[in-house]
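Trainee: If you scroll down you'll find the structure; I have some questions about it.
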Amino acid sequence: MTALTACGGGGGSAGAEPTGGRAAPPAPTTANTPRQSAPPATPAAESPVERALSEMTVEEKVGQLFMPIVYGTAADSVSGENQARFGAQTPAKVIQKYHLGGVILFPYNVKSVGQVVSFTNGMQRASKDVPLLVATDQENGMVSRFSSVMTAFPGAGQIGAKGQPELAGQVARATGRELHALGVNLDFAPVADVNVNPRNPVIGQRAYGDQPKKVAAMVAAAVKGFHEAGMASTAKHFPGHGDTNVDSHTGLPVINHTRAEWERIDAPPFKAAIDAGVDAVMSAHIVFPKLDPSGDPATLSKPILTGLLRKELGFKGVISTDALNMAGVRKKYDDGEIAVRALLAGADLLLMPNDLPKQYRAVVAAVKSGRISEERLDQSVTRLLTLKHNRGLLAEAPRASAQEAARVLRSAEHRRLAGRFR
């Protein structure tokens, strides 16, 4: 594992000449004058991330990579869907059994403000050693998982039509504050796709528009707005899902942009998000032959995730897969192999596994066999722990307040902001 903190001290000598760069001669000594020995070196203090990583088993590290759907509306009760997928195990028990690093919430997890706060607090209590990333897709507009309890803000297309990046930032900040009050700490937003295909069945109004520079400015403002609210943000769907006419939930889209077209059309919003300090970038289940001729979707592509996103664009944060239960990523490989290949490609966070028990076992086995090196595993876990540390989640488990949530959600200030788009 690469250390997150660097020790002071280099190759110079304390007795070096100020300008000449040469060391002064040693002081003369006699038999009766013992040479002074140097004081023992003080080891560098472990960072919270290094400390947390050092205390984990392989099984616990692998658990940090997974972010499944949780079913039901309470941490300590068994819903019908939970029963079907995990047997008589509550969400809390599933979190503990698989040492989960995160969970994602959907509308069926939401009944009321107080209930969501109780649910997120209960799940955090279940995650005893390392607090959870509690995530959702609150893009607003078409994709609004918490619409029953949150302010009805417009989607990106409506915001983009105003042509004012500051509005994108204000909506992101207000959205982040409401989510944070509910105990959510990671939003899979903003959408960084440039929707250049009018027949696109899956992006459309979820994007800020069809002009790369305008979309880039909106995305950067949104990332900063989320951060001002204490919310981790995600730019999606890399390397760009804007020119498709196939929905990756049901099929595998192919984008035939040249490398030059990708740099001109698709890349600018992702570069802007990275420059703004975005916490995570989500991959797309799309084939992009000019970036990787293998035929694998970007989620499973090392040339795209490691070569392009990591090395060329210099992204150092968390790479999340898009949902692993989508058809676009499940065309060629079984569920266990998909999870392993996503990690080998460069992903860190395995979102919405189609079969958590199978995929968890497959990754553990790949690490123990050496197919995934422990160094590679530690890289991903370090990035995830760093995200948690950066958002204040490692020091102590977050706890939401129902009273504070009632004050923040649908506040007069937020309703006035939403009203500016009517």
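The numbers here are math on the coordinates, done by the rules we state, and not lab data. In this text the structure is predicted, and so the values were computed from the model without any measurement. Here the Cβ positions follow ideal geometry from the backbone for every residue, glycine too, while neighbour counts run over all protein chains shown.
Trainee: Calculate the spin-label point distance for Arg410 paired with Thr250, positioning each point 7 Å from the Cα along the beta-carbon direction, and give it in nanometres.
Mentor: Those two pseudo-labels are separated by 3.4 nm.
Trainee: Now for a different question. With a 10 Å cut-off between alpha carbons and a GNM built on the chain, which of Ser248, Ser233, Ser294 moves the most?
Mentor: Looking only at Ser248, Ser233, Ser294, the biggest GNM fluctuation is shown by Ser294.
Trainee: Tell me what the chain gives for mean residue ellipticity at 222 nm when only DSSP H runs of n ≥ 4 count, each as -39,500 (n - 2.57), the sum divided by the residue total, rounded to 500 deg cm²/dmol.
Mentor: -10500 deg cm²/dmol
Trainee: Report the net charge of residues surrounding His241, where surrounding means a beta-carbon distance below 12 angstrom and charges are Lys +1, Arg +1, Asp -1, Glu -1. Don't skip to the answer; put the middle values down first.
Mentor: Numbers: positive: Arg206, Lys236; negative: Asp193, Asp243, Asp247, Asp266, Asp322.
Overall, the nearby charge balance is -3.
Trainee: Candidates (i) 25.4, 79; (ii) 22.5, 72; (iii) 24.0, 90; which is the computed Rg and Dmax of the Cα atoms in Å?
Mentor: (iii)
Trainee: Can you tell me which of 52-60, 279-287 comes out highest on packing, and rank the rest after it, using the mean Cβ neighbours within 10 Å?
Mentor: 279-287, 52-60
Trainee: Then there is this: How far is helix 113-126 tilted, in degrees, relative to the longest principal axis of the Cα atoms in the chain, given as a value from 0 to 90 rounded to the nearest 10?
Mentor: Result, in degrees: 40.
Trainee: Can you find, among Ala397, Leu387, Ser147, the residue sitting farthest towards the positive end of the charge dipole of the chain, where Lys and Arg contribute +1 and Asp and Glu -1 at Cβ?
Mentor: Highest projection toward the positive end goes to Ser147.
Trainee: If you don't mind, another one. Helix 356-369: angle to the longest alpha-carbon principal axis of the chain, degrees 0 to 90, nearest 10?
Mentor: With rounding to tens, the tilt is 30 degrees.
Trainee: I'd like the Karplus ³J(HN,Hα) series for region 176-182: coefficients 6.51, -1.76, 1.60, θ = phi - 60°, whole numbers in Hz, and an x wherever there's a Gly or Pro.
Mentor: Once θ is set to phi - 60°, the couplings for region 176-182 become x, 5, 5, 4, 4, 5, 8 Hz.
Trainee: While we're here: Go ahead and set up a Gaussian network model of the chain, Cα springs under 10 Å, then flag whichever of Pro165, Pro48, Pro268 fluctuates most.
Mentor: Pro48
Trainee: Another question, if that's okay. Comparing Pro190, Pro357, Pro68, which has the greatest mean-square fluctuation in the GNM of the chain with Cα pairs linked when under 10 Å apart?
Mentor: Most flexible of the set in this elastic network: Pro357.
Trainee: Roughly how tilted is helix 335-345, in degrees to the nearest 10 and between 0 and 90, from the longest Cα axis of the chain?
Mentor: 50 degrees
Trainee: For the chain, with the dipole built from +1 on Lys and Arg beta-carbon atoms and -1 on Asp and Glu ones, taken about the Cα centre, which of Ser248, Ala217, Val113 lies farthest toward the positive end?
Mentor: Val113
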